[in-house]
Amino acid sequence: MSADRGPERQQQERRERGLVLGAMHFYPGGEHATSWRLPGAQPERYLDVDYYADFARTAERGGFATIFLADELYVWDRFASGVEHVVNVRTEPFTLLGALSQLTERIGLAATVSTTYHEPYHVARKLASLDFLSQGRAAWNLVTSAADEEARNFGAGTHLAHADRYRRAGEFVQVVRGLWDSWDDDAFTYDKGSGFFARAEKLHVLGHHGEFFDVRGPLNIARPPQGHPVLFQAGASPAGRALAAANADAVFTPWEHDLGAAQRLYADYAARTSAAGRDPRELLVLPALSPVLGRTPAEAVEKLELIESLTPDRVALDLLSHHLEVDLSDRPLDEPFTHDFSGGTNQVQSLYATVQELVGEGRRTLRDVYRTLLRRRFLPGTPAQVADHMQERFTRGAADGFMLAFSSLPEGIEEFVDTVVPELRRRGVYRGEYRGETLRENLGLDVPSSRWTQVSA
């Protein structure tokens, strides 16, 4: 992409593309840990492929660019409430997305991949295979993992340090992309007459030797239809932002209720992307958004209050204990709370900073802190009000689109597609149609050329 366009031209290109929408599936039942208790939720279907197919087809009906499956590599059993009250189980994403590739037609299929607890060769091969199965719709959501529980499932007592995780992730991406370029696009001839299956000069050995990985290559599958399957990334810390700016095609950002804060975050990603030598257009900024819809504003708030009421106090305390890495089980929920944040965290730094901000000088109670954390994740309102927020963020330079995480499933996504999507289309900010066959085409992203083509040129 050329980088010589001014701001006005860039804004025009964004308007022509329109909003980009994606749908996240985190917990069976909905976005919150106890959404499974909501009326209409179907948590018992978490192993039913039709449950996920219905989710994907509904998103496809709404013209969403992609779905993505969240993933964690552990059971949250640090506290008993995590087992007793939270839907803490999930399917392996590549297996499920392979099935969904045959049950959907146009929508992108993104698997969450931890670069801390996978190896690049396996991931490159799985994503290339999914890209072929789906005819160019594969994507990966890069995470570095955040909990010691995951480390203990992979032979380590504690998690890698934050800085080490992100250095490993950056190298991981380079190895995976190098492996995808193992074969030139025209390497395979399948010539029965001559007996030549492939051309040896079109095969390239990666020969990577780095801090974390030694990978010879080449990959034993052809170059993917998209060249490189789309890379999403969700880190919000400075290291996470730098990783996204240098490598990602799209980044999931936290939802900012304040427009100015959202604009500053958007500008920060643009500046970092430019500093990394890339055109800012090459990184789509997609804030997370969890709408709670009602026919009236009051009805939407009532739905949010229902989610709050279904969260046992035990779960609220234990979730905060998890984020702060201390046991708060003996602390009263309704007395002012203070905490020493000087030690930092090796878990999710952006979330830790948010909790630190909420605790402040100790005037809030633990219940207040938890309730505010919960409410910050959701946007209650009528379909028109939710569309207002989305349109404002898009037209005022705070978002290229949104990654939607619904408070209830399957009801939430069905309601959004039936009510908010038509409103966005009517306003002209969302096309809601597929422009091509591959996910890259539908996101307006170029197909990357092979590193070996670049070298020979």
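On full extension, the segment bounded by Thr296 and Leu47 gains 86.2 nm, given 0.36 nm per residue less the C-alpha separation.
Highest mean first, the peptides 299-306, 125-132 sorted by other C-beta atoms within 10 Å per residue fall in the order 125-132, 299-306.
Projecting the Cα atoms of Ala248, Ser237, Tyr190 onto the charge dipole of the chain, computed from C-beta unit charges around the Cα centre, puts Tyr190 farthest toward the positive end. Across the options Thr66, Gly294, Ala147, the greatest Cα extent toward the positive end of the charge dipole of the chain (unit charges at beta carbon of Lys, Arg, Asp, Glu) belongs to Thr66. Against the chain, whose longest principal axis is taken from its Cα atoms, helix 366-377 shows a tilt of about 40°. When peptides 320-332, 136-148, 50-62 are ranked by their average number of other Cβ atoms within 10 Å per residue, the highest-first order is 136-148, 50-62, 320-332.
How big is the Rg/Rh ratio for the chain, C-alpha atoms only, Rh by Kirkwood, two decimals?
Values: Rg = 22.3 Å, Rh = 23.1 Å.
Answer for the chain: 0.97.
Computed from backbone phi, the HN-Hα couplings of segment 299-308 come to 5, 5, 5, 4, 5, 5, 5, 5, 4, 4 Hz, rounded to whole numbers (Karplus: 6.51 cos²θ - 1.76 cosθ + 1.60, θ = phi - 60°; Gly and Pro given as x).
Send over the semi-axes of segment 350-457's equivalent ellipsoid, whole angstrom and largest first, taken as the square roots of 5 times the C-alpha gyration tensor eigenvalues. Numbers along the way, then the final one.
Details: eigenvalues 247, 118, 34 Å².
Working from the Cα gyration tensor, I get semi-axes of 35, 24, 13 Å.
Coordinate-derived values only; no laboratory data. What you are looking at is a predicted structure, and each value in this text was computed from that prediction instead of being measured. Quick reminder, even Gly has a Cβ in these numbers, built from the backbone with ideal geometry, and neighbours come from all protein chains shown.
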